[in-house]
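What follows is a set of notes on a single structure, which appears directly below.
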Amino acid sequence: MFSLTSRFAALLALCVVVLGAYVRIHDAGLGCPDWPGCYGQLVGVPEASHEIAAAEQAFPGAAVEIGKAWKEMAHRYLAGVLGLIILGLAVVAWRARLASRKLLALTCLVVLAQATLGMLTVTELLRPGIVTLHLIGGMTTLALLTAGAALSMPPATHWALQRRAALRPLVILALALLTVQIVLGGWVSTNYAGLACVDLPTCGGAWWPQMDGEGFDPTRALHMDASGQPIGNAALVAIHWAHRLGALAATLGIVVLVWRLAAAGLRAWPLWFGLLLLGQLSLGVANVLLHLPVVLAAAHNAGAALLLMSLVWLLTGMTPPRDRAVFR
């Protein structure tokens, strides 16, 4: 039951991450101007005419948009349920002295930080630096829960992977490259720079477009530069182009890993990674050419999360039992 619940928590974390991306893509991050409730309501959102009038009086300048408010609250509710499940798993793991107890304790701390970042996301009006940290926290939670789920499996489950433990450095390299790419992708999303380049493989017809490093200032407000002026297109291009370069590096790292996994006699893993990578690259291209349709943009986020989960599971499975003491 603990193992089953651990895997369920990891899948629920995946849903929370994808739903968070869906909320962000729909520009619903400020669907509720307060936290943790919505216009002062902990349950539901203002829908009746008198509720909407009271909400708009209490929050001047924040017109109630019911659809966006429900999207934001659905994300909060789902994240809250996940937090309670993680807390329950951590309590059980510590009382039973299970292998994943330190990971789950760390996950609890990350969830607390996530709640704080969720509040700051609203109060700081979607400041890109804070929203990106919130995304990183969600992916970190997902990675920790995936590792915990892998540790909860019977040892025989990972026997084939442990025999290929010599490939762990390649897995770590691919995971590091993917992590950087996820951060870059989050920075693109939180700055709404997905359409700064609308052609492929060039950007505005140039192989090295005009760019401005101002886009990477983590302290500035949304759509503004450090001086409080509207941010220029060259800064958004720099953000977008960095993500494309990151995609090349991450793709190369995963391709090398797939080749080595296949050479080591593992068949299912190379096929799985190949399909994930092909799908992710196709979604990236389609998002640019089709101008970021919501479904494809959310799917692109889900693809990155699945790649992350797969690499973390692979790395955890390859960790020999004698080295797993670090998790206890």
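The values are calculated or read from the model by the stated rules, or taken from the named source; none is laboratory data. The structure presented is a predicted model; accordingly, all values stated were derived computationally and were not measured. As a convention, Cβ positions derive from the backbone with ideal geometry for all residues, glycine included, and neighbour counts pool all protein chains shown.
Select from the range 66-116 the residues that are under 21 Å from the mean Cα position of the chain (by Cα) and β-branched (Val, Ile, Thr) and write down the one among them that is surrounded by the fewest Cβ atoms within 10 Å (Cβ to Cβ).
Filtering the range 66-116 for residues that are under 21 Å from the mean Cα position of the chain (by Cα) and β-branched (Val, Ile, Thr), the one surrounded by the fewest Cβ atoms within 10 Å (Cβ to Cβ) comes out as Val81.
Looking at the range 165-174, can you tell me whether even one residue there is without any contact (Cβ under 8 Å) to a residue 24 or more places away in the chain and surrounded by fewer than 19 Cβ atoms within 10 Å (Cβ to Cβ)?
Yes, the conditions are met somewhere in the range 165-174.
Residues to consider are Ala250, Ala226, Ala268; find the one that is exposed (fewer than 14 other Cβ atoms within 10 Å of the Cβ), farther than 16 Å from Val288 by Cα and at pLDDT 95 or above.
Matching residue, one of Ala250, Ala226, Ala268: Ala268.
Residues that are small (Gly, Ala, Ser) and without any contact (Cβ under 8 Å) to a residue 60 or more places away in the chain: does the range 187-200 have at least one?
Yes: the range 187-200 contains one or more residues that are small (Gly, Ala, Ser) and without any contact (Cβ under 8 Å) to a residue 60 or more places away in the chain.
Taking Ala21 as meeting all but one of (1) part of a helix (DSSP H, G or I); (2) small (Gly, Ala, Ser); (3) surrounded by fewer than 16 Cβ atoms within 10 Å (Cβ to Cβ), write down the number of the exception.
It fails just one condition, (3).
Just one of Thr179, Thr190, Thr132 is β-branched (Val, Ile, Thr), within 30 Å of Phe2 (Cβ to Cβ) and buried (at least 16 other Cβ atoms within 10 Å of the Cβ); which is it?
Within the list Thr179, Thr190, Thr132, the selection yields Thr179.
Residue by residue, here is whether (1) assigned to a helix (DSSP H, G or I); (2) in contact with a Lys or Arg (Cβ under 7 Å, 6 or more places away or on another chain); (3) under 30 Å from Gly148 (Cβ atoms); (4) of a type outside the set (Val, Ile, Thr) holds:
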{"site": "Ala9", "(1), (2), (3), (4)": "yes, no, yes, yes"}
{"site": "Cys15", "(1), (2), (3), (4)": "yes, no, yes, yes"}
{"site": "Asp27", "(1), (2), (3), (4)": "no, no, no, yes"}
{"site": "Trp35", "(1), (2), (3), (4)": "no, no, yes, yes"}
{"site": "Glu56", "(1), (2), (3), (4)": "yes, no, no, yes"}
{"site": "Ala79", "(1), (2), (3), (4)": "yes, no, yes, yes"}
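With respect to Leu87, is the statement that it is in contact (Cβ under 8 Å) with a residue 40 or more places away in the chain, within 22 Å of Met1 (Cβ to Cβ), assigned to a helix (DSSP H, G or I) and not charged (D, E, K, R) true?
When the stated conditions are applied, Leu87 does not pass them.
Using beta carbons and a limit of 6 Å, which pairs, at least six apart or on different chains, have the first residue in the range 289-309 and at positive phi and the second one surrounded by 18 or more Cβ atoms within 10 Å (Cβ to Cβ) and not polar (S, T, N, Q)?
Note: pairs meeting the criteria are Leu292/Gly194.
Okay, residues lined up against (1) out of contact with any strand residue (DSSP E or B) (no Cβ under 9 Å at 6 or more places or on another chain); (2) over 30 Å from Thr121 (Cα atoms); (3) assigned by TED's automatic domain parsing to the domain that holds Leu184; (4) among the aliphatic types (A, V, I, L, M):
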residue: Arg220; (1), (2), (3), (4): yes, no, yes, no
residue: Ile254; (1), (2), (3), (4): yes, yes, yes, yes
residue: Leu261; (1), (2), (3), (4): yes, yes, yes, yes
residue: Trp269; (1), (2), (3), (4): yes, yes, yes, no
residue: Leu277; (1), (2), (3), (4): yes, yes, yes, yes
residue: Leu281; (1), (2), (3), (4): yes, no, yes, yes
residue: Gly284; (1), (2), (3), (4): yes, no, yes, no
residue: Asn287; (1), (2), (3), (4): yes, no, yes, no
